[in-house]
Every structure is written in C-alpha cells, then in structure tokens.
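Remarks on the structure that follows.
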Amino acid sequence: MQNNLTAYYKPYMLLAPALLVLVVFFLGGLAFALLQSFGYFPVIGLNKLSLEYYSKVLGQREFYASLGFTFYISFVSTALSTIVAIYLANYMVNLKRKNKFIDFLYKLPIAVPHIVAALMVVFLLSQGGFVARIFFKLGLLNETAQFPPLFYSRSAIGIILIYMWKEIPFITLMVYTVMNNIHKRLGEAASTLKASPRDVFYQVTLPLSMPSIISASAIVFAFSFGAFEIPYLLGASYPKTLSVWAYFNYISPDLLNRPVAMVISIVLTSFCVLLVGVYYVFMKNLRQWG
Amino acid sequence: MAQVKLQNIDKYYSGERIIKSLSFVINHGEFVALVGPSGCGKTTTLKVLAGLIKPEHGEILLDGVDITSIPAEKRDIVMVFQDHLLFPHLSVGENIAFGLKMLGIPRKVREDKVRVLLEMVQLPGIEKRYPAQLSGGQQQRVALARALALEPKVLLLDEPLSNLDPGLRDGMRELISRLHKELNMTTLFVTHDQDEAMLLADKIAVMLGGELVQYDTPFNLYNKPISREVANMFGICNYMQGFLYNGVFHVQGKKYFVPHLTIQGNVEAYIRAEHIDLVSSQRGCLLGVVRERKFICGHSMFKVDTESGDVTALVKNHLDVSPGSRVNLKIDWERVWFQSRGDGSEGLCDNSHIERSSKYKHHAGDGQAACG
Amino acid sequence: MYNNKSKSNERSNRVILNSLPFKKIIVLLFFSMLMFPFIVLILWAFSKHWPAGAILPVEWGLRGWHYMLNPQNKMLGVIGVSFGLSLSVTLLAIIISIPAGKALGLHDFPLKNLVEILVLAPIIIPPITVGMGIHIAFIKYGLADTFLGVMLIHLVVVLPYGIRIFASVYKAMGRKWDEQSRALKAKGWQRFLYVSLPMLRPGLIASGILMFNVSFSQYFLTFLIGGGKIVTLPLVLFPYVNSGDRVVGSVISLVFIMVALVFMIVVEKAITDGRQQPQYYYL
C-alpha cells in the first residue's frame, strides 16, 4: 500500500520544483496582469473589477493599427523565414556528403542575441550603413541618405530582416534533423517507386516534416509577436507594436495608465495563444494518419 | 523479357571494398535468392541494382542495355525494403498508387489497379486505412503490392520476411512464391535464412565477404558445394581428408570402397550428417563412442568420437542410444561429394555419384574428368 | 511496364529552377547575407576612423578594446554579472528540469496534459505580460532590483526549454535501462549517477547551451525586474543599436558573441563523450 502510494505521487514529486517556479512566477505573473487589466490595483486605490479599460483600449483606432502592424511584422518574417529555411534544409538534406562548413556556419546566428543581430543589421543597412556606402560608391545613389529608410518606418523591412536573420537558422536547425531522418528512411523507397528528387520532396519529405515545420514556425511567430526590444528600438513612432505600446503605458508617470498597459498585454497574449492554437489545430488535421 | 546481368561490380565504402568484382546473370522469370551472413554485401548489391548506390566499377545490363548510370527513379526495377517503408502520411491505396502517380497515370486507372493488387495480396477493401492501422504482415503485403503496381521488369526483395513472426512468415512466403509463378517476374530476393532461400528460389547466389562464392540451383548447392563454408550453410557436414586410388578412399589407415569413382588424388570428402547411419554390423564402418545426443524435429543428432575424429550423424528418431554407448557408423559413400585438395590447386572435381546419376541418361559410359 | 514520358513536359519547365548551379547560387547568396553582418561588425570593431561615405575604414585602431578593458567603464564587471547570472540560472534550471523531464517523459499521471501545456506556455506567452504582471509583487516582496529576483524571472523563461528537452531524452531512453540496472542491484542514486546521467549527456549539452543563450541575451525582464541595478551585456548594448559610438558598440557585440560561443564550445567539449555519437534533442 505504502509503495503504491509513493508510486502514485512520484511524478508529482519529481515535478514539484518545476511546478513551484512555473505556478508562482509564471501563472502568478499572468494572474496579476489579468487582475490589473480588470482594474484591480489596490496600490493606487482601485479595488473594483471592471471592463472599463478593455473598452477604453478596444475603442481606440490606435489599437487596431497596432495589432495590424504587430501581425504584419510577425507574419511576414515568419512566413519568409519558414520558406527560406525549408529550402535550405532540403538543400542540405540532398547534399551527398555532409558539408561541415555549411553545418557550422548556418548555426552561428543562433548563438547571436537579438540585440547584437539588430545592431549588426543596422550597421549594414541603415541610411549611412555599409550597403548604402557601396551603392553610393557604385554611383547608384547621389548621397547615402537616398538609401531607402528600412528602419523607423511603417514598412518595418529592417525589423523583418533582423528577425529573418535570426529565425532562418533556428527553423533550419529544427527542421533539418527531422527532414534528414525522413529522407534517409523513406527517400530510397520513394525513388525506387519512380519518384524524382522533386517528387520525393513534395510527396514524402515535406508532408512528413510538416509537424516540425509548423511547431518551429509557431514558436518563431509567437516570439516575434510578443517581442519588445527590436520594435522598441527600430520601430515606427506610429503605429507601435502592441508590446511597445503596452510598455509606454506601463512606464507612464500616470499610474492610471497601468491597467491600460495590462489590457494591451493581455490582448497581446490572447492573440498569441489563439494564433498558436489555430496553428496546432491545423497541424492535427494535417496529421490524420495518427 | 527481362534479363539482368551484373559485370565486375565493385563498390567501396570509406576506402573499404564492400563488393568485389561481382558478376552474375539472372535470366527472365527466374527467382534468385542472394544468401550470405550479415555484412557480406547482399543489401548493397540490391541497392546497386536498384540504382540507389552507384558502383565504382562495373556495369549493370538490363536486357543487354547498360543502365549503370540511370537513376533509381528511371529504372524498371523496384525494390521492397526490409521494414516495409510505407509512407505513414498516405493511405494504403495512396501508397500502392504512389509509383503510378509519379508517372502521371490518371487517377481512375490507379484506383482500379489498387483494387486488383489488394485482392492479389489477399487484403481486399483496405484502401482507406493508414499503414499505422495495419499489422506487420499486412504492412509487408501492402509494400509488396506497392512494388508490383509498377509492373517492374525486375523485382528486388530485401529480407521482406525477416521482421515478421514465424507464423506470418509462412503465409507471406507462399504469397511471394505464388505471385512469382503468376506474374513470372524476374526476382532477386535477399535473405540470411538459407532454408528460406532453398524453399523459394530457382537459383541461389551465395555471397561471402563481398564475393560471389557459388551461384547454382538449390539441388547443386546442397549436393555439390564448392567449399566448406557453402556446405555448412546448407546443412550439417563432416569432412574427411584422404586419398583416392582405384576406387578406394584411403583415410587415416582405413579403406572405404567407392567403386563408382574413377578419379584419383588427394581429396576431401564432404559427408552430410544425414548420409551417416547407425548400424549393428561392423563391416566397412567407422567405430566410435556417442558423446552427445540432441533431438532435431524428426531426427536425432549424434556427435560421435571416432578414430577419424568427431563425426556428426543425423538419424531417425527410433534409435535409442544414450551417450557413452559404442556405435558403428555407416557412411553412404554413393552420396558423398569429393573435392580435390593440395598443391594450392583446390577446386571442384566432377566426381560424385549425384553428378553421374543426373548425367547418366545422356552420357552413359563417359569418363569422369580427372581431379586437378 | 509504364514509361516516364507522361510527365516529362511538365518537368522540363522546371529544369532551370532545379538545376544544381541555380541552387548553389541561391544558397551561396543566402550564406553571404548571413555572414555579411559579421564582417561589418568586425570592420567597425577595429576601425579608428571611418568617415561617412567611405566603404572601408581609413584608419585602424583598438580604441573600442581599450574602452572595454578600462576599469572606469566597469565593462569587465558587466561581463562577470552577465555570465554569473546566466550560468547560475542554467545550473538551477538543469537541476529542476531533469526530474520534471523524467516525470513527463516516463510517467503517466492525471492532469499530465495540463502540466504539458503549462510547460509549453512560457515559450508562447510573451515575457512582457508576465514581467509587467509580476513586477508589482516583486516590488512588494523585495525581489525587484535584486540579483535573486532577476534569476527567478529568468528561470521562468528558460525552464520550459530544459524540461522539454529532458522529457524527450527520457522518452527516447525509456525505462529499460533503469529496470536493467535495478535487476543488477543498483540503488536509486547509483542508477541515476552511473546509468541515467551518462545517457542524459546529449540533453545536458543541448539544454545547457540553449538555456544559457536565452538567459544571456534576455533584455526586457532583466531591465524591468533588475530596475537598472543589475546591469548585463544586453542592457549596456541596448542604446548602441540606435546611436552612439559604433566602434564601442561593435566591440561589446563581439565580446558578447564570443562569450556565448566560448561557453557553447566548452560545454560541448566538457560533456561530450568521444565515443558517443553527438545527438541533439530539440523542442
């Protein structure tokens, strides 16, 4: 009996430290954010729960502009990164011998923090940057300032490029291993069944690695959707991404803006969860073979 | 018609020669088994044939056409792998139709074909299921159907039975055998199980260490093995080295009369365990003491210490002789296969009774070729 | 016997797109785009004078590196704090996630799905929400602006990676080794030390590197919870992205990358057993 009971509780005992950290600090943080978004903020004398701040935020035009801008950056960077990463992974899978140089090189950006990536891309692509100088020297531009503004602009091309520089290697890494296993296992069977290399990719490798492709790109999407530093540093002044907008409300000296900040971040979180959820449902339907 | 010809195939892996100038021919409609211990290059040979591996040297001819540099997907050769390798994301029907779809065959034709094939492999009506929902035996049958769908000139089977339970294996073996008879498709079958090869194949190619050692019918492999390794593969065999002269086999001071043999010289006798009997009379027999006795399905295996060394005999079960007993071993010399030896000129010598009897009708009275 | 003709027309259009040289050029282009930023960074880090409009620096120097080493700028201390913070977060996270990974990888228990979602959630949910939400509680309980507070909030961010990696390692490992060593009379701690731990090596490498990197490059939570008192490399580097001395910014960036790379290589060399094939487990 004693033994049975220990066996029953064993997984919970093993999980206890992790759950303690996650429940207290993660769920705790989430709960506080939620409470504050409903206007419960005893420190400044707000004790009643209300939807006042939600209606205030959702009623603003800036909210929709901000949501659209955030979605635009995440969607474009994730979609492009995913496509390029799949192309790259497939290229590596089809190499006859493993190219150690490529293998090392493409992983390098994964070890580079986003801030450093941002700094490097700015040095490269800003209006006074390296590329602008080359264009100027080649006579394509009359002065470096004619280089199209990629940063602080509503097109957010600079931000998207930074994300792509970071995320392509990450998705490639996650997808390559899976693709390579599938290709090794089933590629030969497919090619004796008259599948050309192209057929092998589209009919076998790609559909079977879809789950890992989707999970990698979902992680990337969620990250860029909620990321703060890069849009804060290099984003347009209007619209701001949701996270930046929330932060500006949070640091405002007027403490009454705190609940607004919480509303924005809760909305941000909800969209993140919703979109990733849609992603996963999509994946489940795709994987009907069980 | 589909004849496959391998000529001097060499294949290296990281500097090591895995296949050593391999040559053999499979004629149209033949069922050939490639047998050998694991690591002898069987599967590599199959992949070379399928076009999945390119050999360093040599040519592969299909009906006289050199196909060595044609990629796998353009060869009229299909391979069935050891672990079925059905595509998990495709249904059974889609799996079987895969090759046809790659060729751009219209859907209607594909569907009809799938139905016919599923009936052929005795699994009608499971088109809509997914491979994960099938048993191991069913998966292997679907894999077979998938290969047959393409109506290849040559079918390659890489140990298709080795992952199945013994019961299922019999059924699958029969199915393969029956389909081969019906379709008369040139087939190369890799296995490490000699019995399976004997049961199924018209011809067996024995590979050892990347080399083709003997390529012959099951009958000849059993009765006229080229070496001890081959003899040991297809049953239990005893060896005696001696001297043949005037129809007498001299071995360690003993004489055995072999009047049917006219050849002379240093020879090694390959004596099958089942060609030795335990008898009561001592005339012309080998005397010994039983050391060990084991039952093998229908027979008893005796290990006997004799004056000519250890001898293994396979006899009927009704003999109840316990270890320690003295016994007389009678060898059926008419069935013994002799191989010449010595002076580095070892080789086959056409000398056995079996050889004579099979040729008897045509060449009665012909003299036997002398041993080297 | 079917022939290949039916699809050949459709295929011929794709010949150019699929040809090897074309693919090589695309991949080469991609890799040069990947590497270009590094080159620019290195050029800046060793330049002394790089006037606007010039493609290459006109004078070379080590000004940025002198800045780095000058005690007045307290840069070495910042590197120390960054490294110490991320290392302690990583070690703590490994200790916590090994048992948690074992529970998720080997055991079935009620509410397992819920626990799995909880473990995935911090990867999906933006840290900004959690950080801003918990900030007020951290202030109340004296955790804000402290090293411990920053460590705890980093732990939340890195734990999911560790737990998921160890869960997949344990799952791949199964119970069989544990049962075998139990049959050979190994006690609980012996089983862990001599059997499980060596098999967890690939997970230790992967999770160690990943969690260190996530913590090492974390800006927002360090800034918010540390309140500017706990200064790490991302905080120092932050303003340089927009403006300021590009030479110094480049040197800090290079040091930043180098510390992360050295940590990766050391971990990989220290934990890898030469006889084992390197294996990686990802999320």
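The values are calculated or read from the model by the stated rules, or taken from the named source; none is laboratory data. The structure displayed is predicted, hence computed values, not measured ones. Heads up, the Cβs are rebuilt from the backbone with ideal geometry, glycines too, and the neighbour counts pull from every protein chain shown.
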Handout entry: Selection status of B:Leu179, more than 14 Å from every other protein chain (Cβ to nearest Cβ), within 20 Å of B:Ile26 (Cβ to Cβ) and touching a Cys at 6+ places or on another chain (Cβ under 9 Å)
Key = no
Handout entry: Residues within segment A:249-266 that are surrounded by 15 or more Cβ atoms within 10 Å (Cβ to Cβ) and hydrophobic (A, V, I, L, M, F, W, C), tallied
Key = 6
Practice task
Please work out which one of (1) touching a Lys or Arg at 6+ places or on another chain (Cβ under 6 Å); (2) within 9 Å of chain C (Cβ to nearest Cβ) is the condition A:Ala236 fails and give its number.
Solution key: (2)
Problem - Residue selected from segment A:96-132 under the condition part of a loop (DSSP other than H, G, I, E, B) and more than 9 Å from every other protein chain (Cβ to nearest Cβ), by the criterion nearest to C:Val241 (Cα to Cα) - result: A:Ser126
Exercise for the section: Identify, from the list B:Lys153, B:Lys203, the residue that is touching a residue at least 40 places away in the same chain (Cβ under 8 Å), buried (at least 17 other Cβ atoms within 10 Å of the Cβ), more than 13 Å from B:Val32 (Cα to Cα) and basic (Lys, Arg). Expected result: B:Lys153
Exercise for the section: List the helices (runs of 4 or more DSSP H) that sit entirely inside segment A:188-290 and contain at least 3 residues that are under 25 Å from A:Pro149 (Cα atoms) and free of Cβ contacts under 8 Å to residues at least 12 places away in the same chain. Expected result: none
Handout entry: Scope segment C:241-266; condition surrounded by fewer than 20 Cβ atoms within 10 Å (Cβ to Cβ) and either among the hydroxyl-bearing types (Ser, Thr, Tyr) or not in a helix (DSSP H, G or I) (or both); matching residues
Key = C:Ser243, C:Gly244, C:Asp245
Practice task
Evaluate the following for A:Leu14: is it under 24 Å from C:Pro122 (Cβ atoms), touching a Lys or Arg at 6+ places or on another chain (Cβ under 9 Å) and either within 11 Å of chain C (Cβ to nearest Cβ) or buried (at least 18 other Cβ atoms within 10 Å of the Cβ) (or both)?
Solution key: yes
Problem - Number of the exception - B:Tyr13 against (1) of a type in the set (Phe, Trp, Tyr); (2) touching a helix residue (DSSP H, G or I) at 6+ places or on another chain (Cβ under 6 Å); (3) within 14 Å of another protein chain (Cβ to nearest Cβ) - result: (2)
Fill in the blank from the handout: Exception for A:Ala79 within (1) more than 13 Å from every other protein chain (Cβ to nearest Cβ); (2) over 22 Å from the mean Cα position of the chain (by Cα); (3) surrounded by fewer than 18 Cβ atoms within 10 Å (Cβ to Cβ) falls at (2)
Handout entry: Residue, nearest to the other protein chains (Cβ to nearest Cβ), within segment A:133-177, restricted to residues that are of a type in the set (S, T, N, Q) and not in a helix (DSSP H, G or I)
Key = A:Asn142
Exercise for the section: Name every residue in segment C:73-84 that is within 14 Å of chain A (Cβ to nearest Cβ) and polar (S, T, N, Q), in order of residue number. Expected result: C:Ser82
Practice task
Return a yes/no flag: does segment A:267-286 have any residue that is facing chain C (nearest Cβ under 7 Å) and of a type outside the set (A, V, I, L, M, F, W, C).
Solution key: yes
Problem - Identity of the residue in segment B:82-113, over 33 Å from the mean Cα position of the chain (by Cα) and within 12 Å of chain C (Cβ to nearest Cβ), that ends up surrounded by the fewest Cβ atoms within 10 Å (Cβ to Cβ) - result: B:Pro106
Handout entry: Top-ranked residue of segment B:44-81 - restricted to ones that are polar (S, T, N, Q) and surrounded by 19 or more Cβ atoms within 10 Å (Cβ to Cβ), ranked as farthest from the chain's Cα centre (by Cα)
Key = B:Thr44
Practice task
Determine which member of the set C:Val157, C:Val195, C:Val130, C:Val214 is closer than 25 Å to A:Ile219 by Cβ and in contact with a Ser or Thr (Cβ under 8 Å, 6 or more places away or on another chain).
Solution key: C:Val157
Fill in the blank from the handout: Scanning segment C:97-114 residue by residue, those over 18 Å from C:Trp177 (Cβ atoms) and crowded, with 17+ Cβ neighbours inside 10 Å turn out to be C:Ser97, C:Ala100
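Every residue, every condition in (1) outside any loop (DSSP other than H, G, I, E, B); (2) at pLDDT below 90; (3) surrounded by fewer than 16 Cβ atoms within 10 Å (Cβ to Cβ), yes or no:
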site	(1), (2), (3)
B:Pro259	no, yes, yes
B:Glu268	yes, yes, no
B:Asp277	yes, yes, no
B:Lys294	yes, yes, yes
B:Thr312	yes, no, no
B:Phe338	yes, yes, no
B:Gly344	no, yes, yes
B:Asn351	no, yes, no
B:Ser357	yes, yes, yes
Practice task
Consider only pairs whose beta carbons are under 8 Å apart and that are at least six residues apart or on different chains; among these, list those whose first residue lies in segment C:54-72 and is without any contact (Cβ under 8 Å) to a residue 40 or more places away in the chain and within 14 Å of chain A (Cβ to nearest Cβ) and whose second residue is of a type in the set (S, T, N, Q) and outside any helix (DSSP H, G or I).
Solution key: C:Pro57/C:Ser47
Fill in the blank from the handout: Residue hits (segment B:245-269; at positive phi and of a type in the set (S, T, N, Q)) are B:Asn246, B:Gln252
Exercise for the section: Identify the single condition in (1) over 22 Å from B:Gly39 (Cβ atoms); (2) surrounded by fewer than 16 Cβ atoms within 10 Å (Cβ to Cβ); (3) modelled with pLDDT under 90 that B:Arg178 does not satisfy, given that it satisfies every other one. Expected result: (3)
Completion exercise
Here the residues within segment B:150-196 that are charged (D, E, K, R), within 19 Å of B:Leu117 (Cα to Cα) and not in a helix (DSSP H, G or I) are B:Glu151, B:Lys153
Completion exercise
Checked segment B:22-43 for anything at pLDDT 90 or above and surrounded by fewer than 15 Cβ atoms within 10 Å (Cβ to Cβ); matches are B:Ser23, B:Val25, B:Asn27, B:His28
Practice task
Go over the candidates A:Lys184, A:Lys194 one by one and state the one that is out of contact with any strand residue (DSSP E or B) (no Cβ under 7 Å at 6 or more places or on another chain) and at positive phi.
Solution key: A:Lys194
Problem - Answer residue from segment A:26-73, given it is assigned to a loop (DSSP other than H, G, I, E, B) and surrounded by 16 or more Cβ atoms within 10 Å (Cβ to Cβ) and is farthest from the other protein chains (Cβ to nearest Cβ) among those - result: A:Gly39
Exercise for the section: Scan segment C:43-53 for residues that are part of a helix (DSSP H, G or I) and at the interface with another protein chain (Cβ under 10 Å from one of its Cβ atoms) and report the count. Expected result: 2
Exercise for the section: Output the qualifying pairs, or none if there are none: Cβ atoms under 8 angstrom, residues six or more apart or on different chains, first residue in segment C:218-243 and on the phi > 0 side of the Ramachandran plot and at pLDDT below 95, second residue hydrophobic (A, V, I, L, M, F, W, C) and not in a helix (DSSP H, G or I). Expected result: C:Gly227/C:Ala144
